[in-house]
Amino acid sequence: MRLGRTMLTRIAVVVLLASCLVAVVPGPAKAQLTLRACTSDTNDDIVTGDGVRKLSVCSRGWVNGNVATQTRGVVEMHTYALVQGIWQDSRSQSITIESAMVHGGLAHPNVYWGQLYDGNCRVNAPNGSTGCSVANAVAVDFYGPGIAVTGRGDPFSNWVYYVSWRDDRGVPHRLVPIHLRPNDHPLVSPTWHA
């Protein structure tokens, strides 16, 4: 009986040590979204003149992996209607990113993107359908054009200047500038590195 317990204990120790020696091969690098800044962070959502519809806009970046070879700016847009005093999802007739820019610091030229720049956007994913406007949507993510990077950790930020949307009632809100308080500046994402 005692011999069995001793042998079982030794086998357990050998198994434990062997498991520590097993090589872990990393999988493919995961693409990731960066931190974001939103108009709702500063109570600067775009509200219609009658105060019953609004558009929330967020700005962030996307990096294709841990050792980045590509990055993009991302603009997330979400529409709401005020129903009995509560903001609820609202399916707008269209949502459009008109003008944004990825600022690449000193190492990369600025990349302007959006409907005003030949529609160089992707819808809901970096490899999504091409377009800077969607119909009949509550929310959408627009990805700017891919920017080749070398993985050195260069700084980037995404700036959002103009958006448009046609709310669920069909009321157009065309080329609405993004102005955040208190300095009246565009929506700028936190800096990311790629």
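Since every read-out is calculated from the coordinates, none of them should be taken as a lab result. Values in this document were obtained by computation on a predicted structure and should not be read as measured data. Neighbour counts run over all protein chains shown; Cβ positions are idealised from the backbone, glycine included.
Would you list Thr69, Thr34 from fewest to most Cβ contacts within 10 Å?
Thr69, Thr34
Counting Lys and Arg as +1 and Asp and Glu as -1, what is the net charge of the other residues whose Cβ lies under 14 Å from the Cβ of Leu116?
-1
May I ask for the equivalent-ellipsoid semi-axes of the stretch 32-193, computed as the square root of five times each C-alpha gyration tensor eigenvalue and listed largest first in whole Å?
Result for the stretch 32-193: semi-axes of 28, 16, 13 Å.
Set the Förster radius R0 to 25 Å, insert the Cβ-Cβ distance between Leu35 and Gln84 as r into 1/(1 + (r/R0)^6), and round the FRET efficiency to 0.05.
The calculated FRET efficiency here is 0.15.
Just flag the trypsin sites (Lys or Arg not before Pro) in the stretch 97-173 sitting in loop per DSSP whose Cβ has no more than 14 other Cβ atoms within 10 Å.
Answer by residue number: Arg152, Arg169.
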